[in-house]
1. Could you list, in sequence order, all residues of the stretch 1-56 that are within 16 Å of the ligand (Cβ to nearest atom), under 21 Å from Ala68 (Cα atoms) and loosely packed, with under 15 Cβ neighbours inside 10 Å?
2. Given the condition basic (Lys, Arg) and in contact with a helix residue (DSSP H, G or I) (Cβ under 7 Å, 6 or more places away or on another chain), answer yes or no: does some residue in the stretch 193-206 qualify?
3. Among all residue pairs at least 6 apart or on different chains, which show Cβ distances below 7 Å where the first residue, located in the stretch 17-30, is within 10 Å of Ser72 (Cα to Cα) and of a type in the set (S, T, N, Q) and the second is open to solvent by 30 Å² or more (accessible area, probe 1.4 Å) and within 8 Å of the ligand (Cβ to nearest atom)?
4. Mind listing whichever residues of the stretch 220-262 are small (Gly, Ala, Ser), in contact with a strand residue (DSSP E or B) (Cβ under 8 Å, 6 or more places away or on another chain) and closer than 21 Å to Arg88 by Cα?
5. Go through the residues of the stretch 80-100 one by one and say whether even a single one is touching a residue at least 12 places away in the same chain (Cβ under 8 Å), near the ligand (Cβ under 8 Å from one of its atoms) and touching an Asp or Glu at 6+ places or on another chain (Cβ under 8 Å).
6. Residues of the stretch 118-133 being part of a strand (DSSP E or B) and in contact (Cβ under 8 Å) with a residue 40 or more places away in the chain, which ones?
7. Looking only at residues in the stretch 134-164 that are part of a strand (DSSP E or B) and open to solvent by 40 Å² or more (accessible area, probe 1.4 Å), which one is nearest to the ligand (Cβ to nearest atom)?
8. Look at the stretch 58-76 and say how many of its residues are more than 6 Å from the ligand (Cβ to nearest atom), hydrophobic (A, V, I, L, M, F, W, C) and either at positive phi or outside any strand (DSSP E or B) (or both).
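The values are calculated or read from the model by the stated rules, or taken from the named source; none is laboratory data. On a predicted model such as this, the values are computed, not experimentally measured, just so you know. Don't worry about glycine lacking a Cβ; one is built from the backbone with ideal geometry, like all the others, and counts go over all protein chains shown. These area figures cover heavy atoms from the full protein model, side chains too; ligands, DNA and RNA do not enter into them. Shrake-Rupley method; radii C 1.70, N 1.55, O 1.52, S 1.80 Å.
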Amino acid sequence: MKQIEFEQAIVDLPLTRQEYFPTIGSTNDAVANWAREGTQGLALAAADEQTRGRGRAGRRWVTPTGSALAFSLLLERASAPEPATLARAAGLGAVAVCEALEANYSLRAQIKWPNDVLLNGKKVCGVLPEAHWTGEHLQALILGIGINVAAKSVPPAEGLSFPATSIEESLGHQVPSGELLRAILFRLIEWKDRLSEPGFIEAWDAWLAYKGQSVIFAADSHSIEAELLGLAEDGGLKLKLPSGEVRAFQMGEIQIRPTEHQ
Ligand code: BT5
């Protein structure tokens, strides 16, 4: 995304701080630094290229220049006052991206729980929520979002744990990144203070991939096939195990993948 597109995307949005970086290590780190400096409220860092983009659990996120959206939002502390809301914040980014893709481009995306966004069963967007604590006090909640906009943003298949795609590949034409960023930010702003409402879990649940289908879920060192039922009230995932028992799992406890990737 070019700087001019970034500037147009954020016109009139209620941001307390914003910065565009042609290139940066990770936009999540930029925002974490702002939080340490005492920045409050809704702050946004976006980059055209990331040289050390991060996924979850130390994995890498690839953001080549001129092809993708990479941005991080510092959420007000009031948006995430307790652990239950923290789990929901993980779904916030994915819900906002799905809604924007549908509204702007009539694309029906899906969420691979907890927060990967898929188009045609392939990953188009990843979300990295990071909480910074001082003792038991939540200092900052940062939501990093990376989206493959142009086809050339998609990394080579060899390095990937899950198939990837781009918006351009799904639509058959390019889309302006700034327009997409603005649509996503609108929805993030709309939802961020409503995370504790049942309506948020319903919205998240409505975008879930593999509902009613068999998935492989991996926990610790073993994998089991189970039926994906949907979200629990706290944003956990309800699965029906082979024994018939229904259990809800928390984020970080398990990973899921569809059976056909076996
Ligand atoms: C994620 O992690 O999906 C979260 C990605 C968050 C990226 C944003 S960009 C702005 C902000 N700044 C950052 O530094 N990060 C955030 P995870 O579920 O762990 O997925 C990581 C895995 O996705 C990698 O191990 C690769 O297999 C794959 N991957 C890497 N780059 C990709 C890409 N561009 N498209 C699709 N898959 C990718």
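1. Pro22, Thr23, Gly25, Thr51, Arg52
2. So far as the stretch 193-206 goes, yes, one or more of its residues are basic (Lys, Arg) and in contact with a helix residue (DSSP H, G or I) (Cβ under 7 Å, 6 or more places away or on another chain).
3. Once the first residue is within 10 Å of Ser72 (Cα to Cα) and of a type in the set (S, T, N, Q) and sits in the stretch 17-30, its partners that are open to solvent by 30 Å² or more (accessible area, probe 1.4 Å) and within 8 Å of the ligand (Cβ to nearest atom) give Ser26/Arg52; Ser26/Arg54; Asn28/Arg54.
4. Gly230, Ala232, Gly235, Gly236, Ala248
5. no
6. Listed by number, the residues that qualify are Leu118, Leu119, Lys122, Lys123, Val124, Gly126, Leu128, Pro129, Glu130, Ala131, His132.
7. It comes out as Gln139.
8. The qualifying residues number 0.
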